[in-house]
Amino acid sequence: MKKILLISACLTLAHAAFSQGTIAFNNRTGSSTTAAPGQVTAPVYGVNPADPTRRISGNTSTGVPVGSTVYGSSPFAFNDATHTYIATLWGLSSSVGVSGGLYNNNLLAATANGSAPLRANTSGTFAGIWTAPSNPATIPGVAVDTDRPFLQVRVWDTKGGTINTWTEALNAWNQGQIALGVSDIFQAAFPLGGTAVPPNTQPNMQGLQSFNLTTVVPEPSTIALGILGAGCLFLLRRRK
């Protein structure tokens, strides 16, 4: 019995050791705007002032690969004195079904190097680009060399580091307090690299496309509606 338990424990540890696929967490690779093998250019766009609740996704004519999406008057997303946007990576093995929508699904946060701040550039080459971690991101439960996981990037304003989890970000977004955005869910173009020494080569984020941030206009509360109604009645009475 002890031998069986020991063997089972070893197999479990071996599976955990090999289920640590890695990917280069970057939304701009290379320096060319042509679709060279492995290259990605997918900047994040900010809130469109003309329609702040509208979500848009897809690459523009300057993206890699080239797309036809138009973001209108949307600026690029960037960090400044009042915004501290962070990009986070989420993934799930291709052998596990993805469930839920774009904002609420069963994807898991990368366990290492899966978050990065957006740059402060408002225009030019690195506008809408996050500062890539120096080491590849680790996606939990993904077998190396064979698995092409499903991936998603989520970006939100941390409000100076006070909003640090996706749950907190969604709550703040739903209350109209911050801007937030998510990429379309996509499948990695190649199997992930590994965490062995020396490591297997990790792929780039091929399949990622641009997306924009949005805001939510919160619905008025019952109390606010009551106060508004009482005010209207008061004004009507005064007019009479």
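Rule-based calculations on the coordinates, nothing more; no lab input. Since the structure is predicted, the reported quantities are computational estimates derived from the model, not experimental observations. All Cβ positions, glycine included, derive from the backbone under ideal geometry; neighbour counts span all protein chains shown.
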Phi-based couplings in Hz for the range 170-183 (Karplus 6.51, -1.76, 1.60; Gly and Pro marked x) | 4, 4, 5, 5, 5, 8, x, 8, 9, 9, 8, x, 9, 7
Once phi for every residue in the range 132-147 is put through the Karplus expression 6.51 cos²θ - 1.76 cosθ + 1.60 (θ = phi - 60°), the whole-Hz ³J(HN,Hα) values, with Gly and Pro written as x, are 5, x, 5, 10, x, 7, 9, 9, x, x, 10, 6, 7, 6, 10, 9
Projected label distance in nm at Y103 and N174, using a 7 Å step from Cα toward the beta-carbon = 0.8 nm
Here the net charge surrounding A116, from other residues whose Cβ is less than 14 Å away from its Cβ (Lys, Arg +1; Asp, Glu -1), is +3
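Can you pull the semi-axes for the range 58-101, root of five times each eigenvalue of the Cα gyration tensor, sorted largest first, whole Å?
Three semi-axes, in Å: 27, 20, 10.
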Peptide ranges 70-82, 41-53, 203-215 listed from the most packed, as the mean C-beta count within 10 angstrom indicates | 203-215, 41-53, 70-82
Taking placed amide H atoms and a strict 5 Å upper bound, the residues 5 or more places from F76 or on another chain that come that close are G46
Check N212: other-chain or 5+ apart residues with amide H under 5 Å from its amide H, H built from backbone geometry?
-> Y45, I56
